[in-house]
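**Q** Let me begin by handing over the structure; questions about it come next.
The values are calculated or read from the model by the stated rules, or taken from the named source; none is laboratory data. Owing to the predicted nature of the structure, the values given are computational and were not obtained by experimental measurement. A quick note on method: Cβ atoms are made from the backbone with ideal geometry, for glycine too, and the neighbour counts reach across all protein chains shown. Just so you know, the surface numbers come from the protein's heavy atoms only, side chains and all, with ligands and any DNA or RNA stripped out. Shrake-Rupley method; radii C 1.70, N 1.55, O 1.52, S 1.80 Å.
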Amino acid sequence: MVCSTAFLTILTLGALSSGVSARRLTQTRSVEMQIATDNRTSLLYTGATMVHGDLSIHPLALIPEGKTAVARADSDGMLTGMPGCASCVQGTLNFAIPNVGLSTPCNMIIQFDDPFFGSNGYICALSADAGPNCGNRVFCNISGGDGDQATLSVSVGRM
């Protein structure tokens, strides 16, 4: 406990001296993802990997064509998780995109990172043996996602 208290004191003093408010030090992080499909694309949720934090709202098992589903990840709180992540959310959501017309499955991942220090980062990537963007048949775009309680929009559809 002494080590944890000492680390928290050092972190707090260092952050306060650099201009970070005490309120910001205790804020948790969250990422809410609004995942929208076009009228020709559905998504099958295949799982998640959380590096830091917890997936508090899982997306629907099937996101039908032309619908929007929500997923949310939250940090565990202050000074939790792995070393180097004081209060952050980091993970990956995995989906399969059926009926793309390829001999191998089209897979989509959404990676998200809402760190305590630094900028938020997001990636939407599509993969299949047919090449980039599942043989240039599918797209995914991400917009938004700024701040400690980030909300981002993910759009997925056919080209």
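**Q** May I ask you to give the solvent-accessible area per residue for the stretch 50-159, in square angstrom, as obtained with a 1.4 angstrom probe?
**A** Value for the stretch 50-159: 48 Å² per residue.
**Q** For the stretch 32-159, which whole percent of the accessible surface, found with a 1.4 angstrom probe, sits on carbon and sulfur atoms?
**A** Solvent-exposed carbon and sulfur of the stretch 32-159 make up 50 percent of the total.
**Q** Count charges around I57 for me, please; just the other residues with Cβ under 12 Å from its Cβ, Lys/Arg as +1, Asp/Glu as -1.
**A** Charge balance near I57 sits at -2.
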